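Below is one structure, written out as structure tokens, with a few remarks after it.
The values are calculated or read from the model by the stated rules, or taken from the named source; none is laboratory data. Given the structure is predicted, the values throughout are model-derived calculations rather than measurements. Cβ placement follows ideal geometry from the backbone for every residue including glycine, while neighbour counts extend to all protein chains displayed.
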Amino acid sequence: MPDTELGPVLLGHARAAIAEALGLPAEMPAPHPRLGERGATFVTLTQDGQLRGCIGSLNAHRGLGTDVRENAIAAATRDPRFTPLERDEFERTRIEVSLLSKPEFMEFTDEADALAKLEPGVDGVILFNGCQRATFLPQVWEQFANRVEFLEALKRKAGLPAGFWGPNIMLATYRVQKWKESTVPA
């Protein structure tokens with residue numbers, strides 16, 4: 001199977017995993033040779049364009065098939081921002097799978113330099129400050145008018161004040177390949 005078919009296979013595995021977790025019939029998609037390779041994915045669920053769950057892995061620590069399956073189930077049942085997905089919601093839930101590249105730490109001299117080096121809409125960003133950590137996928141850039149707002153929101157997500165900057169802040173970036181269901185399957 002050509003690699004161009006990886007996205008639909010990942011989406012199919014995510015949908016089947018959620019269906020199975022909800023006790024619904026699940027149709028497993030065809031296998032793909034890359035499913036056994038280590039990979040890091042995020043699975044995002046939406047309903048009517050609104051976020052309904054998003055859980056993922058930042059590092060490739062297990063096989064791609066297992067990673068997308070576990071993250072799909074977690075996004076549907078264990079995202080702390082939402083109640084677990086109900087069976088009657090499943091049919092109207094759209095799934096998006098993002099396959100992450102290996103994160104790379106950024107070199108910067110200060111916050112202004114870090115902001116200047118970020119590529120909106122392209123970079124996924126992980127912010128570290130000691131034990132505090134948060135990430136935004138590249139798709140999240142769409143929600144913000146500029147780099148400053150993006151980074152302020154990422155700091156808040158990590159539990160820091162929006163205006164915080166300190167000597168222990170580290171940033172890493174990654175890229176994604178993403179696939180989204182064009183419509184909710186019937």
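Does Thr83 count as modelled with pLDDT of 95 or more, β-branched (Val, Ile, Thr) and surrounded by fewer than 18 Cβ atoms within 10 Å (Cβ to Cβ)? Yes: the conditions hold for Thr83. Can you find a residue in region 121-136 that is surrounded by 16 or more Cβ atoms within 10 Å (Cβ to Cβ) and assigned to a helix (DSSP H, G or I)? No - not one qualifying residue is present in region 121-136.
Does region 100-109 contain any residue that is under 14 Å from Phe42 (Cβ atoms), in contact with a helix residue (DSSP H, G or I) (Cβ under 8 Å, 6 or more places away or on another chain) and either of a type outside the set (Lys, Arg) or free of Cβ contacts under 8 Å to residues at least 40 places away in the same chain (or both)? Checked region 100-109: no residue is under 14 Å from Phe42 (Cβ atoms), in contact with a helix residue (DSSP H, G or I) (Cβ under 8 Å, 6 or more places away or on another chain) and either of a type outside the set (Lys, Arg) or free of Cβ contacts under 8 Å to residues at least 40 places away in the same chain (or both).
Which residues, taken from region 162-186, are polar (S, T, N, Q) and surrounded by fewer than 14 Cβ atoms within 10 Å (Cβ to Cβ)? Reasoning before the result, please.
Taking region 162-186 first, the residues polar (S, T, N, Q) are 168, 173, 177, 182-183.
The answer is Asn168, Ser182, Thr183.
Taking region 1-107 and the strands (runs of 3 or more DSSP E) fully enclosed by it, the elements with 2 or more residues that are small (Gly, Ala, Ser) are at 50-56.
Listed conditions (1) acidic (Asp, Glu); (2) closer than 30 Å to Leu24 by Cβ; (3) crowded, with 16+ Cβ neighbours inside 10 Å are all met by Glu91, apart from (3). Put simply, of Gly39, Gly7 the only residue that is out of contact with any helix residue (DSSP H, G or I) (no Cβ under 9 Å at 6 or more places or on another chain), closer than 13 Å to Ser98 by Cβ and touching a residue at least 40 places away in the same chain (Cβ under 8 Å) is Gly7. Here Gly56 fulfils each of the conditions (1) touching a strand residue (DSSP E or B) at 6+ places or on another chain (Cβ under 9 Å); (2) in the same structural domain as Lys155 (by TED's automatic domain parsing); (3) surrounded by 14 or more Cβ atoms within 10 Å (Cβ to Cβ) apart from (2). Taken as a whole, the condition of being touching a residue at least 24 places away in the same chain (Cβ under 8 Å), surrounded by fewer than 18 Cβ atoms within 10 Å (Cβ to Cβ) and in a loop (DSSP other than H, G, I, E, B) applies to Gly159. Whether a residue is farther than 18 Å from Gln50 by Cβ, hydroxyl-bearing (Ser, Thr, Tyr), within 19 Å of the chain's Cα centre (by Cα) and not assigned by TED's automatic domain parsing to the domain that holds Ala19 was assessed, and Thr135 passes this test. Of everything in region 162-186, what is over 30 Å from Asp88 (Cβ atoms) and either aliphatic (A, V, I, L, M) or assigned to a helix (DSSP H, G or I) (or both)? Give them in sequence order. Within region 162-186, Ala162, Ile169, Met170, Leu171, Ala172, Val176 meet the criteria.
When we screen Phe82, Phe90, Phe108 for residues that are touching a Leu at 6+ places or on another chain (Cβ under 9 Å) and not assigned by TED's automatic domain parsing to the domain that holds Gly7, the only hit is Phe108.
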